[in-house]
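One structure is given here, and the rest of the page talks about it.
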Amino acid sequence: MYGDDIASVLITEDQIKAKIEELAELVAKRYPPDAPEGDLLLIGVLKGAIFFMTDFARALPIPTQLEFMAVSSYGSSTSSSGVVRIMKDLDKDIAGRNVLIVEDIIDSGLTLSWLLRNLATRNPASLEVVTLLRKPDALRTPVEVAHVGFDIPNEFVVGYGLDYAERYRDLPYIGTLDPKVYS
Ligand code: XMP
Ligand code: MG
């Protein structure tokens, strides 16, 4: 698939699966079942988080409800500007709910920090983040993230939901792109 576009596999399918089991166990401990706030509300950030969201929700041993938001951050295709626009908002009110944002990747952190501020104004009972990937060397703003799957080098990655120009999302692993793809 995709010929030799993928330069290297950074995280295998098996590693992703094992990490999701681990994250799910940790996260579930924070939310008692039958909480007065109701089922944990997972908010997936489209489109990158779709595969992580569905695998993570099924790994969690507690009931969850699934909502999606789509945001776009202006800037070049491989870096974030921090200016965020909501393309698809939530359909539901989150006031009084336990909310967990499910992200694919925290790169500069600008998108997430904007999203956290936006959702906080809607008065959820709690608001936390789980992200599959984080690039610690790329962070440009401090963001509080309770749960991180993998810290990765500051390289553009694709697969398992992450795209370059909408391609490669369907790869079951996370890989780096051959530079020839950009040029
Ligand atoms: P930041 O944290 O910089 O990231 O605001 C915002 C969004 O940009 C996308 N992103 C990536 N997508 N490979 C991708 O396919 C990457 O290496 C990458 N880094 C950032 C992603 O949607 C993230 O939520
Ligand atoms: Mg994203």
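Under 13 Å from a point 7 Å along the Cα-to-Cβ line of Arg58: which residues of segment 1-43 have their amide N that close?
Under 13 Å, as judged by backbone N against the label point of Arg58, lie 17, 21 of segment 1-43.
Under the rule of -39500 (n - 2.57) per DSSP H run of 4 or more residues, summed and divided by the residues of the chain, what mean residue ellipticity at 222 nm is obtained, to the nearest 500 deg cm²/dmol?
One gets -6500 deg cm²/dmol as the mean residue ellipticity at 222 nm.
What FRET efficiency comes out for Lys180 versus Asp151 if R0 is 22 angstrom and r is the Cβ-Cβ distance? Round to the nearest 0.05.
The formula returns an efficiency of 0.25 here.
When N counts the residues of segment 1-76, how does its alpha-carbon radius of gyration compare numerically with 2.2 N^0.38 Å, as a ratio?
Taking the Cα Rg and dividing by 2.2 N^0.38 Å, one obtains 1.38.
Please report the relative contact order for the chain, taking Cα pairs under 8 Å with a sequence separation of at least 6, and give it as a percent rounded to a whole number.
25
If we sort 157-170, 131-144, 7-20 on the protection proxy, mean other Cβ atoms within 10 Å, highest first, what's the order?
On the way: 157-170: 18.4, 131-144: 16.8, 7-20: 15.1.
Top of the packing list down: 157-170, 131-144, 7-20.
Against the longest principal axis of the chain, how steep is helix 13-29, in degrees 0 to 90 to the nearest 10, with axes from Cα atoms?
With rounding to tens, the tilt is 20 degrees.
Could you bin all the Cα-Cα distances of the chain into 5 Å bins starting at 0 and give me the percent of pairs in each, rounded to whole numbers?
Histogramming the chain at 5 Å steps yields 1, 8, 17, 21, 20, 16, 10, 4, 2, 1, 0 percent.
Angle check, please: helix 50-59 long axis (alpha carbons) against the longest principal axis of the chain (alpha carbons), in degrees 0 to 90, nearest 10.
Here the helix axis deviates by roughly 50 degrees.
Collect residues whose amide H, placed 1.01 Å from N in the peptide plane, falls under 5 Å from the amide H of Leu46; neighbours closer than 5 in sequence don't count.
Met69, Ala70, Val71
Taken together, the values in this text are just the output of simple stated rules run on the coordinates, not laboratory data. Note that this is a predicted model, so its numbers are computed, not measured. For neighbour counting, all protein chains shown are included, and Cβ atoms are generated from backbone atoms with ideal geometry for every residue, glycine included.
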